Amino acid sequence: MGDPRRPHLVVFTGAGISAESGIQTFRASDGLWADHPVEEVATPQAWQRDPGRVLRFYDQRRDQVRRARPNAAHKALAALEKHGFRVSIITQNIDDLHERAGSRHVLHLHGEILKARSSVDPRMHYPLPRGGIRLGDICDKGSQLRPDVVWFGESVPHFADACEIAAQADLLLVVGTSLAVMPAASLLEHAPLDAPCVLVDPEADALAPPGVARLGQTAGRGVPALVRHWWREGRLWMPETVVE
Ligand code: APR
């Protein structure tokens, strides 16, 4: 996770950081869950009931991810890392935009849509078959392959690792998440008490828990503005006002 002497920014991201790249968020009025009820496409029960429908749902999302490009927020975080800061990204997103922007330390709490896994053993990961996962694609343990994504009601395998990373933050940056899903949203409680926390989201005023600084802007504007501050100062601090 990089040189312990350098300032360590821990970034916790949600669907909002990928919104400006053209990837739908979940809980907006025109969000993904408005078109596709969660219980029909993103639960173990949905998979048992109609695996073909689940596979088609994730094919559509994978196409959106493949058409998407990293935006200014993803790129600013990768640039900060290249300029000597330790940057650890913990994302709820299943897209690969942080990686494609150049971030090297990315932990996916809810899985990765461009990977496959055994439908009986979550530790068995497989490269995505060309053309996506089809019924009949069997892992070497003899079970149907499924998207390597954490569904509602399933455990979040890397949450303990994420808490350990958050506990080493000099500053916690939260971007583009409604903080609606546990245990992911409780990550904020694992940052050191003396580490500043700032939340970037157009709805920041409504979302930010007490004690969290808020920047009511889109990720594409707010994150580069903050990164410029930190870059110029050579340290992580929460400016009173963020000058764009
Ligand atoms: N820039 C920054 N934030 C934005 C932008 C933007 N351009 N557009 C929308 N947002 C914010 C919204 O205001 C909202 O607070 O992004 C957040 C998106 O919230 P959700 O749709 O609930 O997405 P997220 O918080 O990532 O959901 C968490 O829930 O459905 C599960 O597994 C899924 O990982 C997901 C988890």
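Read-outs: derived from the displayed coordinates by stated rules, not from any lab. Keep in mind it's a predicted model, so treat the numbers as computed, not measured. Ideal geometry is used to build each Cβ from the backbone, glycine not excepted, and the neighbour counts take in all protein chains shown.
Amide H to amide H distances under 5 Å link residue 214 with 199, where only residues 5 or more positions off or on other chains count and H is placed in the peptide plane. If you take every DSSP beta bridge whose two residues both sit in region 127-244, what share of them, in percent to the nearest 5, is antiparallel? The answer is about 10 percent antiparallel.
Remark: the chain projects, on average over all directions, an area of 13.0 nm² (convex hull of Cα atoms). For the chain, DSSP calls about 30 percent of its internal beta bridges antiparallel. For a quick check: with amide H placed at 1.01 Å from N, whose amide H comes under 5 Å from residue 107's, ignoring anything fewer than 5 positions away on the same chain? It is 89, 90, 91, by chain and number.
Couplings 3J(HN,Hα) for region 123-139, derived from phi with the Karplus relation 6.51 cos²θ - 1.76 cosθ + 1.60 (θ = phi - 60°), are 7, 8, 9, 9, x, 5, x, 4, x, x, 8, 10, 4, x, 6, 10, 7 Hz, where x marks Gly and Pro. Working from label points 7 Å from Cα in the Cα-to-Cβ sense, the residue 45 to residue 161 distance is 3.0 nm.
All other residues whose Cβ lies under 15 angstrom from that of residue 145 are scored, Lys and Arg at +1 and Asp and Glu at -1, for a net of +3. The simple spin-label model puts a point 7 Å past each Cα toward its Cβ; for residue 6 and residue 152 those points are separated by 4.0 nm. Taking 4 °C and 1.567 mPa s as conditions, region 55-185 diffuses translationally at an estimated 81 µm²/s according to Stokes-Einstein applied to its Kirkwood radius (Cα pairs).
Restricting the calculation to Cα atoms, every distinct pair contributes to the Kirkwood radius of region 111-196, found to be 15.0 Å.
Within region 15-118, the percentage of alpha carbon pairs spaced more than 17 angstrom apart rounds to 57%. Of all DSSP-defined beta bridges confined to region 1-140, some 25% are antiparallel rather than parallel. Using θ = phi - 60° and the Karplus form 6.51 cos²θ - 1.76 cosθ + 1.60, what ³J(HN,Hα) does each residue of region 26-34 get, whole Hz, x for Gly and Pro? Listing the rounded values in order: 9, 9, 5, 4, 10, x, 4, 6, 6 Hz.
Highest mean packing comes first when the peptides 25-33, 134-142, 111-119, 54-62 are listed by Cβ atoms within 10 Å, giving 111-119, 54-62, 25-33, 134-142.
Between the amide H of residue 137 and those of 145, distances stay under 5 Å, these residues lying 5 or more places away or on another chain, with hydrogens modeled in the peptide plane. Among 191-203, 80-92, sorting by the average number of other beta carbon atoms lying within 10 angstrom of each residue, highest first, gives 80-92, 191-203. Working note: Karplus 6.51/-1.76/1.60 with θ = phi - 60° gives region 147-161 the couplings x, 7, 10, 7, 8, 4, x, 9, 6, 9, x, 9, 5, 5, 4 Hz, where Gly and Pro are set to x.
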